[in-house]
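Peer 1: One structure is given below, represented as structure tokens, and several questions about it will come after.
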Amino acid sequence: IVFPGFTKDVDSVYQEIDVLLNCSRSEGMGRSIVEAMARGIPAICKNAGGAIEVVQNDYTGLIYEDVNDLALKMEQLIVPAKYDFYSANSIAWVKNNFTIEKYVESVVQAIYEV
């Protein structure tokens with residue numbers, strides 16, 4: 001585990017990691033989760049906040065409940081076939097759900113709802 005501190009060069013950080021752990025109890029949208037998934041880096045996230053809207057448990061990544069469950073989820077990603085499964089699904093999911101078109105569509109929809 002490395003705590004690199006603040007950096008503007010996030011690409012260099014993502015190039016160095018294999019898995020993104022998001023252990024926040026109240027994460028908002030979870031931009032770092034989406035950034036990692038777009039690069040094929042599976043995410044393991046706490047069952048809380050916006051993480052559960054981004055990570056589809058056991059498809060694009062893993063959601064855990066407590067520290068013991070976190071350890072079990074981490075062990076799953078040691079298996080190369082499992083890692084590759086989450087990695088490929090993460091990339092596809094981000095490409096389908098986080099495009100400029102999807103963003104504009106959601107903003108327009110929000111405006112019309114007001």
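The values are calculated or read from the model by the stated rules, or taken from the named source; none is laboratory data. Here the structure is a predicted model, which means the values were calculated and not measured. Virtual Cβ from ideal backbone geometry, glycine too; neighbours counted across all protein chains shown. All accessible areas refer to the heavy atoms of the entire protein, side chains included, with ligands and DNA or RNA removed. Shrake-Rupley method; radii C 1.70, N 1.55, O 1.52, S 1.80 Å.
Peer 1: What number do you get for the chain when its Cα radius of gyration is normalised by 2.2 N^0.38 Å, N = residues?
Peer 2: Scaled against compact globular proteins, the figure is 1.12.
Peer 1: With a sphere of radius 13 Å drawn around the Cβ of residue 90, what net charge do the other residues whose Cβ falls strictly inside it have (Lys, Arg +1; Asp, Glu -1)?
Peer 2: -1
Peer 1: Related question: Relative contact order (percent) for the chain, with alpha-carbon contacts under 8 angstrom and 6 or more residues of separation?
Peer 2: 21 percent
Peer 1: On the accessible surface of the stretch 1-98, probed at 1.4 Å, how many percent belong to carbon and sulfur atoms?
Peer 2: So the carbon and sulfur contribution to the accessible surface is 55 percent.
Peer 1: Taking the highest mean first, how do the peptides 104-112, 65-73 order by number of other beta carbon atoms within 10 angstrom per residue?
Peer 2: By packing density, highest mean first, the sequence is 65-73, 104-112.
Peer 1: Can I ask one more? Name the chymotrypsin sites (Phe, Trp or Tyr not before Pro) in the stretch 1-79 that are in a loop by DSSP and that have at most 13 other C-beta atoms within 10 Å, would you?
Peer 2: Listed in order of number, the matching sites are 6, 59.
Peer 1: Something else now. Spin-label point model (7 Å from Cα, Cβ direction): what's the residue 111 to residue 76 distance in nm?
Peer 2: Roughly 4.0 nm, to one decimal.
Peer 1: Continuing with this model, one more query. I'd like the distance separating the alpha-carbon centroids of the stretch 63-114 and the stretch 5-53, in whole Å.
Peer 2: Measuring centre to centre over Cα atoms gives 10 Å.
Peer 1: Please calculate how many Å² of accessible area the stretch 1-94 carries per residue, with a 1.4 Å probe and no DNA, RNA or ligand atoms counted.
Peer 2: Per residue, the stretch 1-94 has 60 Å² of solvent-accessible surface.
Peer 1: So, one more: Rank these residues by their accessible area, most exposed first, probe 1.4 Å: 39, 31, 25.
Peer 2: 25, 31, 39
Peer 1: Sticking with the crude label model, points 7 Å out along Cα→Cβ, report the distance from residue 24 to residue 47 in nm, one decimal please.
Peer 2: The answer from the label model is 2.0 nm.
Peer 1: About the Cα centre of the chain, how large is the charge dipole given +1 on each Lys and Arg Cβ and -1 on each Asp and Glu Cβ? Please answer in debye to the nearest 20.
Peer 2: Computed about the Cα centre, the dipole is about 100 debye.
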